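Trainee: Quick one: the structure is below, and I'll ask about it shortly.
The values are calculated or read from the model by the stated rules, or taken from the named source; none is laboratory data. Not measured: the values here are computed from a predicted model. As a convention, Cβ positions derive from the backbone with ideal geometry for all residues, glycine included, and neighbour counts pool all protein chains shown. Accessible surface areas use protein heavy atoms only, side chains included; no ligands, DNA or RNA. Shrake-Rupley method; radii C 1.70, N 1.55, O 1.52, S 1.80 Å.
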Amino acid sequence: MEGTTSKNAKLLATAGFLFITMIWGGSFVVMKNSVDLVPPSYLLALRFTLAAAFMALAFPGRMKKLDRGSLTCGLIMGIFLTLAYLFQTYGIKYTTASKNAFITALYVVLVPFLYWKISKKRPGLNQIAAGLVAVIGLALLTLKHESGINLGDALTFLCGVCFAVHMICTEEYTKRCDPILLATVQVAAVGVFNWLLAPLLDGPGAFDPSILLHKSLILGLLYLSLICTTVGFLIQTVGQKYLSANTVSLLLSLEAVFGTLFSVSFLGEVLTGRMILGCVLMFSALLLSELRFTVPGKEVHG
């Protein structure tokens with residue numbers, strides 16, 4: 001009975017991650033329109049502050065149980081999440097959107113090896129193979145004629161590293177802390193850190209509060225804060241109680257697939273054979289990560 005319950009929990013968590021990758025895949029258009037009105041660091045501050053408020057209002061009972069352990073772990077997760085978003089946001093200023101998407105999602109190969117370094121648990125052959133297949137799929141899906149390495153690429157790579165560390169921290173901390181408290185604290189931390197950094201990064205006078213009356217910005221902020229952040233990070237944090245960081249990294253990398261499909265559906269982008277092959281490889285990597293390889297004398301798996 002316990003095994004069935006655990007299996008059902010993993011299936012629900014997987015479905016939840018697929019849902020949030022669809023949400024995040026469709027958020028690029030909203031982010032682009034919003035950044036045209038509000039500087040990046042101020043937009044992140046608004047987005048995560050609103051999300052933290054939504055979470056606190058939704059779970060008032062949980063907030064009364066906040067302890068030092070949850071606060072410390074949530075703050076550490078918030079630091080890496082803040083750095084990831086900032087590196088990604090400023091990285092895209094110096095590189096192409098396609099390279100930004102590709103390099104960010106390299107966390108699919110970083111996570112197994114970082115987790116090995118931290119936990120001393122060697123990644124399975126299926127995890128290594130799945131990561132490599134996913135990277136090939138990502139390259140086919142996102143890269144076109146880009147060449148050379150620039151500052152934006154380096155910043156984006158640091159973004160991928162921070163996302164990888166964040167996933168590993170989330171897996172470890174949800175074993176001993178309430179995931180809803182962790183999600184709330186980390187989101188609030190990202191909001192606070194961005195309010196502190198915004199005047200330095202974008203200038204103290206770069207944000208005009210009156211712009212908040214702009215109807216399209218209000219709708220965009222509600223989508224980004226309530227759907228993408230509140231719902232998204234609650235699902236991610238709770239879901240990582242049941243799925244490994246390796247599996248989560250592969251699931252979240254599918255954001256590139258859904259982003260492509262949304263671009264084709266709503267922005268008129270042409271779906272090429274190369275992009276279709278990339279999507280197939282991305283989904284194949286997810287299936288490969290769940291396979292078990294049997295070699296003489298033992299079973300090798302993730």
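Trainee: Quick one: compute the contact order of the chain, relative version, from alpha carbon pairs under 8 angstrom and 6+ residues apart, as a percent. Could you put the intermediate results ahead of the total?
Mentor: Details: 428 pairs, mean separation 115.4, N = 302.
Across the chain, relative contact order equals 38 percent.
Trainee: Name the shape class, rounded, prolate or oblate, that the alpha-carbon gyration tensor gives for the stretch 212-279, where a ≥ b ≥ c are the square roots of its eigenvalues, rounded holds for a/c under 1.5, and otherwise prolate holds if a/b is larger than b/c and oblate otherwise. Could you put the intermediate results ahead of the total?
Mentor: Working: a/c = 4.69, a/b = 1.04, b/c = 4.50.
Cα axes put the stretch 212-279 in the oblate bin.
Trainee: Using a 1.4 Å probe on the protein heavy atoms only, what accessible surface does V192 show? Give it in Å² to the nearest 10.
Mentor: Around 80 Å² of this residue is reachable by solvent.
Trainee: Here is a further query. Please give the Cα centre distance for the stretch 95-134 versus the stretch 137-205, rounded to the nearest Å.
Mentor: Taking the Cα centre of the stretch 137-205 as reference, the centre of the stretch 95-134 is 15 Å away.
Trainee: Let me ask something else about it. In the chain, if the dipole is taken from +1 on Lys/Arg beta carbons and -1 on Asp/Glu beta carbons about the Cα centre, which of Q127, V187, V108 is farthest to the positive end?
Mentor: Q127
Trainee: OK, next. Would you mind computing Rg(Cα) / (2.2 N^0.38 Å) for the stretch 38-103, counting N as its residues? Could the numbers behind the result be given before it?
Mentor: Values: Rg = 15.4 Å, N = 66, 2.2 N^0.38 = 10.8 Å.
Dividing the Cα radius of gyration by 2.2 N^0.38 Å gives 1.42.
Trainee: From Cα pairs below 8 angstrom and at least 6 apart in sequence, can you work out the relative contact order of the stretch 124-258, rounded to a whole percent?
Mentor: Values: 44 pairs, mean separation 64.0, N = 135.
The normalised contact order for the stretch 124-258 reaches 47 percent.
Trainee: Magnitude of the Cβ-charge dipole of the chain, K/R +1 and D/E -1, about the Cα centre, nearest 20 debye? Kindly include the intermediate steps, with their values, before the conclusion.
Mentor: Values: 22 positive and 14 negative charges, 144 e Å.
With only Lys, Arg, Asp and Glu charged at Cβ, the dipole is about 700 debye.
Trainee: Given a 1.4 angstrom probe, I'd like the percentage of the accessible area of the chain that is carbon and sulfur, rounded to a whole number. All intermediate terms of the calculation are to be shown ahead of the outcome.
Mentor: Details: 10330 of 14730 Å².
Whole-percent figure for carbon plus sulfur exposure: 70.
Trainee: Enter the per residue convex hull volume of the stretch 28-185, computed from alpha-carbon coordinates, in Å³ rounded to the nearest integer. Please report the intermediate quantities before stating the final value.
Mentor: Numbers: hull volume 21.1 nm³, N = 158.
Per residue, the Cα convex hull of the stretch 28-185 comes to 133 Å³.
Trainee: Right, here's the next one. Taking a ≥ b ≥ c as the square roots of the eigenvalues of the Cα gyration tensor of the stretch 7-68, is the shape rounded (a/c under 1.5), prolate (a/b larger than b/c) or oblate?
Mentor: Values: a/c = 3.40, a/b = 1.21, b/c = 2.82.
The shape class here is oblate.
Trainee: Can you compute the charge dipole magnitude of the stretch 1-131 about its Cα centre, using +1 on each Lys and Arg Cβ and -1 on each Asp and Glu Cβ, nothing else charged? Give it in debye, rounded to the nearest 20. If you can, show how the numbers build up before the last one.
Mentor: Numbers: 14 positive and 3 negative charges, 77 e Å.
The calculation lands at about 380 debye.
Trainee: Still on this structure, please answer the following. In µm²/s, what is D for the chain at 25 °C and 0.890 mPa s, where D = kT/(6 pi eta Rh) by Stokes-Einstein and Rh is the Kirkwood radius from Cα pairs?
Mentor: Working: Rh = 19.9 Å.
Reported coefficient: 123 µm²/s.
Trainee: Once Rh for the stretch 149-302 is found with the Kirkwood sum over Cα pairs, what is the Stokes-Einstein diffusion coefficient at 37 °C and 0.692 mPa s, in µm²/s? It would help to have the intermediate numbers written out before the result.
Mentor: Values: Rh = 19.0 Å.
Diffusion coefficient, whole number: 172 µm²/s.
Trainee: Here's a follow-up. Could you tell me which of rounded, prolate or oblate describes the stretch 100-207, using a ≥ b ≥ c as the square roots of the eigenvalues of the alpha-carbon gyration tensor, with rounded for a/c under 1.5 and, failing that, prolate when a/b is larger than b/c and oblate otherwise? Before the final figure, lay out the partial values.
Mentor: Values: a/c = 2.65, a/b = 1.13, b/c = 2.34.
Taking the square roots of the gyration eigenvalues as a ≥ b ≥ c, the stretch 100-207 is oblate.
Trainee: Write down Rg/Rh for the stretch 1-120, rounded to two decimals, with Rg from the C-alpha atoms and Rh from the Kirkwood relation over Cα pairs.
Mentor: Values: Rg = 17.8 Å, Rh = 17.6 Å.
Rg divided by Rh gives 1.01.
Trainee: Explain nothing, just compute: Karplus ³J(HN,Hα) = 6.51 cos²θ - 1.76 cosθ + 1.60, θ = phi - 60°, for every residue of the stretch 229-242 in order, whole Hz, x for Gly and Pro.
Mentor: Going residue by residue, I get 9, 4, 5, x, 6, 5, 5, 4, 5, 5, x, 6, 6, 10 Hz, with x marking Gly and Pro.
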